[in-house]
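Have a look at the structure below, then the notes.
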Amino acid sequence: MPSLYRFTCIFLCLFFISLQSQAQITDDFSDGNFTSNPAWQGDAANFVVNASGELQLMAPGAGSSVLLVEGLIADSAVWELDIRLEFAPSTSNLLRIYLFADQSDLAAANGYYLEIGETGSMDALRFFRQDAGVGTLLLTGQLGGVASDPVDKRIRVKRSTAGGWTLEMRNPGGSFAPEGSVSDASYAPGGVPVYFGFECLYTATRVDLFYFDNISIQADVPDLDPPQLLSASLDSPTQLLVSFDEILDQSSAELVGNYTVLGIGNPVLAELNANLQSVTLSFANPFPTGNYTLESNLIADALGNVSGVQSADFSYVLVENAEEFDVLINEIMADPSPSAGLPEVEWLELYNRSDKIIDLSSLQLSDGGTAQSLPAVLLQPDSFFVLCSTSSASAFSGLLSNYSGMVGFPSLNNSGENLVLTRGSVQIDQVDFSLNWHTDPDKQDGGWTLERINPLTPCLGGDNWQSCPTIPGGTPGAANASLQEGPDTDAPYLVDALPISATEVLLRFSEGLEQGSAVDPDSYVFDPVLTISSAEIYAGNRAEVLLTLLDPMASGQVYSLRSNANLLDCSGNASDDTQVLLLGLPEKPEPQDLILNEVLFNPATGGTRFVEVYNQSDKILCGAHFSLLILVLATTLSQFWKTGLFCPVSTLS
């Protein structure tokens, strides 16, 4: 009896193995034909096996063509195949893939098919049941899944014995993603030969643009393999996308302890995504730029197969937005001729003085016209990059590696102009350079660059620039020969306070100011009190601020003005709040308002002649009104106006 039992078991196993081996259809067309092993039938004259080993439609004109293969397919089966359509599918150019049909006359057959091609631009993989030639839609996959031009996909369809259908699809080299599932057991393929194949509908321009390969129809066997970790990549500075090769068990996929990034630790959250094959891991802190390894462990698939320790390497580059003065215009070649040794082309050098990696394509450059975007280059911290016109870029070939031609690079005026670097509405740097910034007059004639001296004092104007001191006339792509780094520890102070009108006062400072504090009205204090309605950077010069007063200054009133510690320079130094300037609203003088009060016309040897004038009115007078006196009494008037009461020429009438 035991021997008979063993014989029966062996026989049944061999029998089912034999049935399983027959219930399969495979063809990769590597034999160069489709007429044997297996033999396809239908409109065979309209198909070829091309030089790449693919089955390809090759029809003589517009129409439809069918190619089928007969074979046994198990009730529980898996279909896999590659399809490529070198066009965007439509109702006039579509593909039907018959998973099985009960006869070769598809117009009258029962069975199931996939269809690619519909109206609109969101074509999806669609699954139909066919009853005596009439199709009924059972399932629509992901919208837009097969809408591209070309459509290049590998399709996988599974059918269970009970009639449960699952559709999946992937791009070449990618992992399968679910398209949907549905149950329909109206027809089963098992037991008798059925037909698998293709029906192509095409216009005259698509007669040779349907391709098929790597067809496999196998009996579905139990899945005993654990999920394989395919890849890990950062979607954001704190979120890591982890992909597997099959559908996962949710409970194991969402255990944060099952994932570790070496050197970082475990995520704080793990979420299984809608495709059920990838997990998003969230970390408490952003990843810095670097190379990493993710380890996963004890991840199970939907059938309970559990993986061991697996790893995937990934890299991350944290690209950050540039803020003000992160990137500086560092060197300017506005007049390259005659050359002192460098190519005779105009160029600018940028310097990333921050600790960020910055994508230059997020920045724009202008010289008063339309701002033009910079090339897509990742500028590393403490590094330099040279920009020139696209037509001039070849001049730097073999000389530099860190350069690029730029579409719309401005033509630089030899005498100077205002260059502005922005990120959208955010100003990153501004240099209003001038020819007289050259510290060597001989270098004003061309061939020598202007170099920024100290990048740590970005708001200084011409005082922070000089002529390049070394041959070949500039240092493109490298540290400036003029470099003198040193922290800015000097507090900004008021140089002038000039009434422009009764309600406007122009302030001039010793250096450029931090913008936020400069435009804050609370940074300035008048005595007697004057309410400041607004403060703004004047004409783009960070060392000048225009104050607008809510009420006009009173005639004859002398005001004191100081900036408080709220006001900062670009390096963060607070203003000296003890410094005070006097100002008032000047009036037109009348006769005898200003009189000659004392004259020394014959000084002792070594002495100085002078004339003293006296303002005997109750007005504030502006020395600029007295043009005749200014010519002969310059020294005296200079002494007179040391009180701090100044007025600009624009106040004259």
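Structure summary
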{"item": "Cα-Cα P(r), the stretch 428-539, percent of pairs per 10 Å interval", "result": "12, 35, 26, 18, 8, 1"}
{"item": "Loop GluC sites (Glu not before Pro), the stretch 341-372, which have at most 16 other Cβ atoms in a 10 Å radius of their Cβ (DSSP)", "result": "Glu344"}
{"item": "Rough spin-label spacing in nm, given labels placed 7 Å along Cα→Cβ, for Asp432 and Asp28", "result": "7.1"}
{"item": "3J(HN,Hα) from dihedral phi, the stretch 484-496, Karplus parametrisation 6.51/-1.76/1.60, rounded to Hz, x for glycine, proline", "result": "9, 6, x, x, 7, 10, 7, 6, x, 9, 6, 9, 9"}
{"item": "Taking N as its residue count, the alpha carbon Rg of the stretch 473-563 over 2.2 N^0.38 Å", "result": "1.41"}
{"item": "Angle in degrees between helix 2-22 and the longest Cα principal axis of the chain, rounded to the nearest 10", "result": "60"}
{"item": "Sum of -39500 (n - 2.57) over DSSP H runs of 4+, divided by residues of the chain (222 nm, nearest 500)", "result": "-2000 deg cm²/dmol"}
{"item": "Within the stretch 479-517: backbone nitrogen closer than 15 Å to the Ala574 label point (7 Å, Cα to C-beta)", "result": "490-493, 517"}
{"item": "About the Cα centre, charge dipole magnitude for the chain (Lys/Arg +1, Asp/Glu -1 at Cβ), debye", "result": "620"}
{"item": "Contour excess over end-to-end distance, with Cα ends at Ala340 and Asn291 and 0.36 nm allotted per residue", "result": "13.3 nm"}
{"item": "Heavy-atom accessible surface of the chain: percent carbon and sulfur, 1.4 Å", "result": "52"}
{"item": "Using alpha carbons only: equivalent-ellipsoid semi-axes of the chain, gyration tensor based, whole Å", "result": "83, 28, 24"}
{"item": "Simple label model, 7 Å out from Cα along Cβ direction - Asn566 to Asp184, nm", "result": "7.3"}
{"item": "Cα centre as origin, Lys/Arg/Asp/Glu Cβ charges: the stretch 47-139 dipole, Debye", "result": "180"}
{"item": "Cα extents of the stretch 419-494 along the three principal axes, largest first (Å)", "result": "34, 31, 25"}
{"item": "Spin-label pair Asp593/Asp235, simplified geometry with 7 Å Cα→Cβ offset, distance in nm", "result": "7.3"}
{"item": "Residues Ser92 and Leu378, FRET efficiency given R0 of 60 Å [Cβ-Cβ distance, rounded to 0.05]", "result": "0.85"}
{"item": "Alpha-carbon Debye profile of the stretch 67-168, log10 I(q)/I(0) at 0.17, 0.18 Å⁻¹", "result": "-0.81, -0.90"}
{"item": "In Å², nearest 10: area of Ser510 left accessible to a 1.4 Å probe", "result": "40"}
{"item": "Largest-first principal axis extents of the Cα set of the stretch 38-93 (Å)", "result": "37, 24, 24"}
{"item": "Rg over Rh [alpha-carbon atoms, Kirkwood Rh] for the stretch 376-470", "result": "0.95"}
{"item": "Residue-normalised accessible area of the stretch 68-143, given per residue in Å² at a 1.4 Å probe", "result": "35"}
{"item": "Computed lengthening from Asn171 to Leu255, 0.36 nm per intervening residue step minus Cα-Cα distance", "result": "27.4 nm"}
{"item": "Restricting the stretch 399-501 to GluC sites (Glu not before Pro) in coil, as DSSP defines it, with at most 13 other Cβ within 10 Å", "result": "Glu485"}
{"item": "Dipole axis of the chain (+1 Lys, Arg; -1 Asp, Glu on Cβ), positive-most option in Val49, Thr503, Leu513", "result": "Val49"}
{"item": "Alpha-carbon centroids, the stretch 246-320 and the stretch 406-448: separation in whole Å", "result": "50"}
{"item": "Alpha-carbon spread of the stretch 263-381, three principal axes, descending order, Å", "result": "77, 30, 22"}
{"item": "Mean separation of Cα contacts under 8 Å (6+ apart) over length of the chain, as relative contact order %", "result": "8"}
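The values are calculated or read from the model by the stated rules, or taken from the named source; none is laboratory data. Since the structure is predicted, the reported quantities are computational estimates derived from the model, not experimental observations. Note that we place each Cβ from the backbone using ideal geometry, even for glycine, and neighbour counts take in every protein chain shown. The area values use the complete protein model at the heavy-atom level, side chains included, leaving out ligands, DNA and RNA. Shrake-Rupley method; radii C 1.70, N 1.55, O 1.52, S 1.80 Å.
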